[in-house]
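The values are calculated or read from the model by the stated rules, or taken from the named source; none is laboratory data. From a predicted model like this one, the values you see are computed outputs, not experimental measurements. Because the Cβ atoms are built from the backbone with ideal geometry, glycine has one as well, and the counts that use them run over all protein chains shown.
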Amino acid sequence: MAETSLPKRRSAGAPPRAPASPLLRLLRRSESARGYLMMSPTLLIMTFGIVVPFFILLVISLWTRQGFGFDTTLTLANYGRSWTEPIYGALMLRSFWISGVATVATVLLCYPMAYYVAFHVHRNKMMWIILMTLPFWTSYLLRVFAWKVILGYEGVINSGLMSAGLIDAPLGFLLYSPTAVIITLAHAWAAFAILPLYVSLEKIDKSLLEAATDLGDGPMARFFRVTLPLSMPGVIAASFLIFIPTTGDYITPALLGGPDGAMIGNLIQLQFGAVNNWPMGATLSIVLMLWIAALALVFLLVTRKVQGRIT
Amino acid sequence: MDILDQLGAVREGKLSRRKFTKGLLAAGVAMTTVPLPARRALAAEGDQATYFTWGGYDIPELFGPYQEKNGALPNFAIFGGSEEALTKMRGGFVVDVSHPCNQSMPRWVQTGLFQPIDTARVANWGDVIPELVDLPGNDPEAGKVWMAPFDWGQTSVTYRTDLVEIEGEESWDILWDERYSGRLGSLASGGDAWWCGAIKAGVDFASIDTPEAFDKIAAVMREQRPLIRLYTDDTTTLEQALSAGEMVASMTWNSSAVLLQAEGIPVKFAKPKEGALTWVCGVMIHKDAPNLDRAYDVIDSLLSVETGHFMINDWGYGHSNSKAFDQFDEETLAGLGLSKNPVEILNAGHFQQPQTQEWETRMNELFEQIKAGF
């Protein structure tokens, strides 16, 4: 600061050479303005990539369809419809149920893997993590198709069971059902569970575990009283990372869901496609967003409470 | 740092995290830079026309003359139903040529997104069967048409002759037969399925735009829904399911049955006693088509005898070029359910009729609800 104030004093007597622009002056004076300047690329992307589109979505959701165009008088009619017509609520519930089950399954399956790497692998941990996430380097679409091959009528599971003589005819329910969607989601999103779980388990201070053992806890009690509560942040993060995007998933139910496995994402796509009702599609997207936010909040509060009771 | 060295290090467990990351970085750089020349080569042939069409029409066999002239295939964009296609183009997707059917053509014209086709610029125009051009609404001005007819055919039931028991005449009832619950398939687009539902419900197409018709058709569609294993616009999925026996019967177009028969699968394309659904599809040019000359090349290629021969022989569709039929005898054509005189076939079935946008939207909305189980 001393350096910058020096020339100012020198020019105090003479008229200022060139008046600095107000913007520059603001930048020089205020620290927060400098901070915003540094963040501006991100802020710009946030504004134009998220805030503006969201606002557009909000406005469209208040319009109504009129033939091929829109009636632009603002109304809550679409929100009313999304509440009263059973199809929207039912598909919303089904989506929450499917992605809820998929989330629980993924976290349960990935926890042991992350646990093993965090506590029992001592060399080349990075390698293990990369190997675990290796399947996720392939395209999401390819993984979904791979499951179609595995679960299919003449697929790996059915032909395996048939050649083992366990079943006479292929199991039809494996493909084109909510089950197929849950299985695929649970596999396709595993990487998003392994990484946060691993990070939170890795951070646990091993001396706490030793202390628990010294104080007489067996392996089970030690796990439930020390390891699990301390890894809760990872569990919560993993659950959010999976539950939020899978609820609105489109491609998995479209390819594997069949008539009974359709989810809210498919319905939203239809509104922008064949049904040609963009305002309704916008409304459903926003309602879905609100529901996810509400559920996430409840989940967060419950886990806080439970965690508070354990520790 | 050569690869063998790295592999050795991995084996001995000596590879440090930093070295490993470095290796990964190198691999990543290599992967992204290697295909660069290949990508540039693709970009060089860039300016081809874009053809926005039904899934399955994106194959080289239909574009022999186009390829000869322009050295590459046109670019393809795919849709599953014509309503979906129109919505996309209304949303600002610009293509050169698209592929609607007679039923939706007047509505496509109404959107103002298309330009009339100058028939003088289409070399094969002289051989086009006039009855296929003369459709309601296809007359913008003298010497021009909105839609150049390309293919025509039927929507009916393809069934496994060894797995489906037919009593008496073939009928749409196959797709409503509870004995085959969970082993029936259907096209997902209302543009086909709803009209087939109308035939099954006994609704005359002239009165399809009435509340009673909506109720009647919705009732039969709801009755059918629990029996259906899959609604899809992906004909390959339906064909594979039929060939595996996963499905015993499905609503399809001509091509599925012909393709499966060529594979030696015992299937038949039914001639239902209630009549099949018949349609004529064609091509239209977008008003802002960026490659207008090549758009005409696409049309010429589709209307050529060469393409027509493939369409008839390999897919069992009717074609709009009368000369394309010359290489087939009456018997072969009859076996495919075709004839040199398309009007005969089209009128023997139920020919789709243009409807208003309100009808189309309402129908799609209702049908999607039914498919979702409501």
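General observations
- Of B:Leu238, B:Leu227, all but one fail to be within 14 Å of chain A (Cβ to nearest Cβ), in contact with a Leu (Cβ under 6 Å, 6 or more places away or on another chain) and touching a residue at least 12 places away in the same chain (Cβ under 8 Å); the exception is B:Leu227.
- Residues that are of a type in the set (A, V, I, L, M, F, W, C), crowded, with 24+ Cβ neighbours inside 10 Å and either free of Cβ contacts under 8 Å to residues at least 60 places away in the same chain or closer than 27 Å to B:Ala372 by Cα (or both), drawn from region A:99-120: A:Ala102
- Listed by position, the helices (runs of 4 or more DSSP H) contained in region B:58-129 that have at least 3 residues being surrounded by fewer than 16 Cβ atoms within 10 Å (Cβ to Cβ) are B:64-70.
- The one condition in (1) within 15 Å of the chain's Cα centre (by Cα); (2) within 30 Å of B:Glu83 (Cα to Cα); (3) of a type in the set (Val, Ile, Thr) that A:Val235 fails to fulfil: (2)
- Residues that are without any contact (Cβ under 8 Å) to a residue 40 or more places away in the chain and buried (at least 19 other Cβ atoms within 10 Å of the Cβ), drawn from region B:176-197: B:Gly197
Residue by residue, here is whether (1) of a type in the set (D, E, K, R); (2) more than 14 Å from chain A (Cβ to nearest Cβ); (3) under 25 Å from the mean Cα position of the chain (by Cα); (4) more than 30 Å from B:Asp300 (Cβ to Cβ) holds:
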residue	(1), (2), (3), (4)
B:Val133	no, yes, yes, no
B:Pro140	no, yes, no, no
B:Trp152	no, yes, yes, no
B:Val157	no, yes, yes, yes
B:Ser181	no, no, no, yes
B:Trp194	no, no, yes, yes
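- Residue within region B:75-87 that is within 14 Å of chain A (Cβ to nearest Cβ) and over 20 Å from B:Lys287 (Cα atoms) present: yes
- Selection within region A:53-66 - surrounded by 13 or more Cβ atoms within 10 Å (Cβ to Cβ) and within 14 Å of another protein chain (Cβ to nearest Cβ): A:Ile60, A:Thr64, A:Arg65
- Checking each residue in region A:67-81 for being assigned to a helix (DSSP H, G or I) and within 14 Å of chain B (Cβ to nearest Cβ) picks out A:Asn78, A:Arg81.
- Restricting the search to helices (runs of 4 or more DSSP H) fully inside region B:267-374 and requiring at least 3 residues that are within 14 Å of another protein chain (Cβ to nearest Cβ) and free of Cβ contacts under 8 Å to residues at least 60 places away in the same chain gives B:357-371.
- Test: residue in region A:173-186 that is in a helix (DSSP H, G or I) and either at pLDDT below 90 or farther than 16 Å from A:Ala102 by Cβ (or both): yes
- The condition of being touching a Pro at 6+ places or on another chain (Cβ under 6 Å) and either at pLDDT 95 or above or closer than 17 Å to A:Leu91 by Cα (or both) holds for only one of A:Ala262, A:Ala282, A:Ala254, that being A:Ala262.
- Conditions (1) over 18 Å from B:Leu132 (Cα atoms); (2) in contact with a Lys or Arg (Cβ under 8 Å, 6 or more places away or on another chain); number of the one not met by B:Val305: (1)
- Qualifying position, being within 17 Å of the chain's Cα centre (by Cα), within 19 Å of B:Asn102 (Cα to Cα) and among the polar types (S, T, N, Q), among B:Ser250, B:Ser256, B:Ser320: B:Ser320
- Residues in region B:130-139 that are surrounded by fewer than 21 Cβ atoms within 10 Å (Cβ to Cβ) and more than 23 Å from B:Thr356 (Cβ to Cβ): B:Pro130, B:Glu131, B:Val133.
- Looking only at region B:241-266, and only at residues there that are within 14 Å of another protein chain (Cβ to nearest Cβ) and assigned to a loop (DSSP other than H, G, I, E, B), the one that is surrounded by the fewest Cβ atoms within 10 Å (Cβ to Cβ): B:Gly245
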